[in-house]
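Notes for the one structure printed next.
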Amino acid sequence: MISAADSARAQELLRLINSSWIAQACYVTARLEIADLLAQGPRSAAELAASTRTHAPSLRRLLQALASIDLCRERDDGRFELTALGSLLRKDSPCSMRAWALKWGGDDWLVWANLLHSIRTGESARTLITGTPGFAHLDRDPQAAAIFNQAMADLTRLTAVAVAQAYDFSGARVMDVGGGYGELLVHILARYPTATGVIFDMDHAMEKARAHLRASGLEGRCEFLSGDFFKEIPGGADVYAMKSIIHDWPDERARVILENCRRALKPGARLLVIERLMPARMVPSADHEALARSDLHMLVALAAQERTRGAMEQLLRSAGFTALKHIDTGADFHVIEARN
């Protein structure tokens, strides 16, 4: 006989194992733009099926599943309406998570299916699938690049305010290295009217970065430079900000980026490494669960990792930085200021 406690634990483990269905439900909802359609008003499954060219009975089952996790609700008349949580899957939501749903349930889903390969070898499962390392696959897939860059912008939005509040950027020329669409820089420039900015990233991000800064009324205070931070990082900035860059690369590759940045620093300039930091020991908690997910994702996607504060500081010192200062933002991300 199993005990009631064992049964309850088994049910909880079953819930965790089965929770992957939610990611795919969100992915399909995002792909079909159901949240955008429901934002126009309640719709029946048949009406939504006609708009999305899907099988109405099957779509109704998806909508009922979404209702079970509060992404929509079924009305007494049988039509479905959007909830506040579900509205975050709209394209135009101020806090949209649509691009992340597309990324996680699309390309990343295939990568995670090969986690066993990464655990056995320490190698990237994405490289196994695409045949190219790092982010090289984005150069030949404009749609994947657009989803990736938008997803990164959406995630950055969640922490950018905290970073802008935690550090004084007054009067500084701030270069967002690997800045994508410039979400971090938008929040910095908006908070510090005397600051100016530079977005430095690959060509595939530049058009949307310009559009984003223009829409924010900040284009006139920002330069846009394309290039490869493994080759050279432009000089002339007072602050070099790298958010979620170093965790994408194993130590030897990350060190190249940091060394290039150190060479770009003029006297008095500083580097801000903005990353999640792993604890020395993991315990059951929502925060540690999020860190574990991110760390394993770095492994399976890029053969990289999240780092502890000690490991990050050791990496910075190995790249030639000597003066290090830790700044707690009060959010999920930490800032390590590094100077020559």
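The values are calculated or read from the model by the stated rules, or taken from the named source; none is laboratory data. Treat the numbers as computed from the prediction; the structure is a model and nothing was measured. Positions of Cβ are generated from backbone atoms using ideal geometry, with glycine treated the same way; all protein chains shown enter the neighbour counts. Note: areas computed on protein heavy atoms with side chains; ligands, DNA, RNA excluded. Shrake-Rupley method; radii C 1.70, N 1.55, O 1.52, S 1.80 Å.
Quick notes on this one:
- Of all DSSP beta bridges in the chain, antiparallel share, percent nearest 5: 45
- Residue 231-residue 292 pseudo-label distance in nm [points 7 Å out on the Cα-to-Cβ vector]: 4.2
- In percent, rounded to a whole number, the relative contact order of the stretch 93-250 is 20, using alpha-carbon pairs under 8 Å and six or more apart.
- Computed E for residue 23/residue 75 - FRET, C-beta separation, R0 22 angstrom, nearest 0.05: 0.25
- Between 81, 252, 219, the residue with the greatest mean-square fluctuation in the GNM of the chain (Cα pairs under 10 Å linked by springs) is 252.
- Values of log10 I(q)/I(0), in the order q = 0.17, 0.21, 0.23 Å⁻¹, for the stretch 19-126 under a Debye, Cα-only, solvent-free model: -0.76, -1.04, -1.21
- Electrostatic dipole magnitude of the chain [Cβ: Lys, Arg +1; Asp, Glu -1; Cα centre; debye, to 20]: 140
- About the centre of its Cα atoms, the stretch 141-254 shows a dipole size close to 420 debye [charges on the beta carbon of Lys, Arg (+1) and Asp, Glu (-1) only; nearest 20 debye].
- Within the shell defined by Cβ-Cβ distances under 13 Å, the residues around residue 103 carry a net charge of -1, with Lys and Arg each +1 and Asp and Glu each -1.
- In order along the stretch 148-153, the Karplus-derived 3J(HN,Hα) couplings, from 6.51 cos²θ - 1.76 cosθ + 1.60 at θ = phi - 60°, round to 4, 5, 5, 4, 5, 5 Hz, and Gly and Pro are given as x.
- Each Lys or Arg adds one and each Asp or Glu subtracts one; over the other residues with Cβ under 13 Å from the Cβ of residue 27, this totals 0.
- Amide H within-cut-off set for residue 173, under 5 Å, with H built and near neighbours excluded: 196, 238, 239
- Restriction of the chymotrypsin sites (Phe, Trp or Tyr not before Pro) in the stretch 122-189 to DSSP coil positions whose beta-carbon has at most 14 other beta-carbons within 10 angstrom yields no sites.
- Taking 120, 98, 270 as the candidate residues, the one with maximal mean-square fluctuation in a Gaussian network model of the chain, Cα springs under 10 Å, is 120.
- Dividing the Cα radius of gyration of the chain by 2.2 N^0.38 Å, with N the residue count, gives 1.08.
- Accessible surface, the stretch 180-271, averaged per residue in Å² (probe 1.4 Å): 43
- Heavy-atom accessible surface of the chain: percent carbon and sulfur, 1.4 Å: 53
- Helix content alone sets the calculated 222 nm mean residue ellipticity of the chain: runs of n ≥ 4 DSSP H residues at -39500 (n - 2.57) each, divided across all residues, give -15000 deg cm²/dmol.
- Net charge of neighbours whose Cβ lies under 15 Å from the Cβ of residue 222, counting Lys and Arg as +1 and Asp and Glu as -1: -1
- The solvent-accessible area of residue 191, taken with every protein chain present and a 1.4 Å probe, is close to 120 Å².
- Sequence-distant contacts, meaning Cα pairs under 8 Å at least 6 residues apart, place the relative contact order of the chain at 13 percent.
- Taking the average, over residues, of other Cβ atoms within 10 Å as the packing measure, peptides 321-330, 15-24 rank 321-330, 15-24 from highest down.
- The value of relative contact order for the stretch 60-104, using C-alpha pairs under 8 Å at least six residues apart, is 21 percent.
- Taking θ as phi - 60° and the Karplus parameters 6.51, -1.76 and 1.60, the scalar couplings of the stretch 189-196 work out to 5, 5, 7, 10, x, 8, 8, 10 Hz in sequence order, x denoting glycine and proline.
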